[in-house]
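> To start, I am sharing the structure in question, which I have written as structure tokens.
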Amino acid sequence: RAKADPVRTVAYYEPSMDETVREARALAADLRTALEKGELSLHYQVQTAIATGEIFGYEALLRWNHPERGEVPPAQFIPVAEENGLIIPLGEWVLQTACAQAAHWDPSCKLAVNLSPVQFFHPDLSRLVQETLENTGLPPARLELELTETSIIDDKQRALEIVRRIKELGVSIALDDFGTGYSSIDTLRSFPFDRIKLDGSFMKGIETNSDAAAIVRSVLALGRTMNISVLAEGIETPRQLEVLRGEGCVAGQGFLLGRPARPEALGLQPA
Ligand code: C2E
Ligand code: MG
Ligand code: MG
Ligand code: MG
């Protein structure tokens, strides 16, 4: 490629845009066959009660082991799958596989599954969830679906109807990545969320920086006021855990408490 010309930066950036598009197309083509080739799997990360250290649930996290590229992170391939609609069959596979596995776990343990906005607004979602619970035998009370606020913001009225329908099945709903993007108090007030997951970015500096700690404290207060349980994501250090414990945070997730791992490595029976 020609050297970057500081005056005509556009000419420098265009080829790399093409590369990004080509890269996304190549990933999309490979993703199409990844399921049947057995390249996809689920890892699980523990969700812990901070006061007692007790594990009360596991979040399913999708993994793609690409034959040439190795592990492709979800942040890279989920947007591709959302764009071309593959997220619908992939999401069905995740839900089916995770529920089938969780049905064999200790009955006190919950399962959390992430939903993309595309899945969330898909007309068959509540039927899919109901059928999956029936065919796996997982009690609805043990399933929690995680949504991000981007799922809701486009059409709040429709989103509220979908959330209500899912909750009627007895499944609970968590608001993921809270504090990033559109987080509004209005959303919290109008949706019957069972849990807020405070985004991991808020853990940075809570041990040393009083502003960071104050933000966490105010989200915990908000959760208490609205009677919504708060789970802190991205806990990496004992000091962060200590601060959260001191502030009365109920639940946590993070590398300190447990890295995402294959179910066998966690002592969870595979399906
Ligand atoms: P998320 O749902 O917010 O999941 C938490 C992410 O943070 C996971 O990344 C997890 O591995 C990572 N994490 C956990 N503890 C720590 C920590 O202490 N420090 C740091 N730095 N990171 C931590 P992962 O597995 O790469 O997933 C990224 C995102 O991809 C997820 O964010 C979720 O939005 C999406 N995703 C993953 N699996 C699925 C899936 O099955 N379906 C859908 N629709 N989205 C998924
Ligand atoms: Mg999540
Ligand atoms: Mg999150
Ligand atoms: Mg996320």
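The values are calculated or read from the model by the stated rules, or taken from the named source; none is laboratory data. Computed from a prediction, not measured in an experiment: that's the story for all the values here. Note that each Cβ is placed from the backbone with ideal geometry, even for glycine, and that neighbours are counted across all protein chains shown. Side chains included, ligands, DNA and RNA excluded: accessible areas come from the protein's heavy atoms. Shrake-Rupley method; radii C 1.70, N 1.55, O 1.52, S 1.80 Å.
Quick grid of which residues meet (1) within 16 Å of ligand 4 (Cβ to nearest atom); (2) touching a residue at least 24 places away in the same chain (Cβ under 8 Å); (3) surrounded by 14 or more Cβ atoms within 10 Å (Cβ to Cβ):
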position	(1), (2), (3)
Ile152	yes, yes, yes
Met203	yes, yes, yes
Ile206	no, yes, yes
Ser210	no, no, no
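> Give the residue, chosen from Leu220, Leu198, that is within 15 Å of ligand 2 (Cβ to nearest atom), in contact with a strand residue (DSSP E or B) (Cβ under 9 Å, 6 or more places away or on another chain) and under 21 Å from Gly181 (Cβ atoms).
Leu198
> Still on this model: Would you confirm, using the coordinates I've provided, whether Ser184 is more than 16 Å from ligand 4 (Cβ to nearest atom), open to solvent by less than 50 Å² (accessible area, probe 1.4 Å) and modelled with pLDDT under 95?
yes
> Of all residues in the range 241-250, count the ones that are open to solvent by 10 Å² or more (accessible area, probe 1.4 Å) and not in a loop (DSSP other than H, G, I, E, B).
5
> Moving on to the next point. Within the range 223-264, track down each residue that is within 13 Å of ligand 1 (Cβ to nearest atom), closer than 14 Å to Phe178 by Cβ, out of contact with any Phe, Trp or Tyr (no Cβ under 8 Å at 6 or more places or on another chain) and among the hydrophobic types (A, V, I, L, M, F, W, C).
The one that is within 13 Å of ligand 1 (Cβ to nearest atom), closer than 14 Å to Phe178 by Cβ, out of contact with any Phe, Trp or Tyr (no Cβ under 8 Å at 6 or more places or on another chain) and among the hydrophobic types (A, V, I, L, M, F, W, C): Leu231.
> What's the number of the only condition in (1) open to solvent by 20 Å² or more (accessible area, probe 1.4 Å); (2) in contact with an Asp or Glu (Cβ under 6 Å, 6 or more places away or on another chain); (3) not small (Gly, Ala, Ser) that Pro139 fails to meet?
(2)
> I've got another one for you. With respect to Leu231, is the statement that it is in contact with a Lys or Arg (Cβ under 7 Å, 6 or more places away or on another chain), within 21 Å of Ala112 (Cα to Cα) and touching a residue at least 40 places away in the same chain (Cβ under 8 Å) true?
Values: in contact with a Lys or Arg (Cβ under 7 Å, 6 or more places away or on another chain): yes; within 21 Å of Ala112 (Cα to Cα): yes; touching a residue at least 40 places away in the same chain (Cβ under 8 Å): yes.
Yes.
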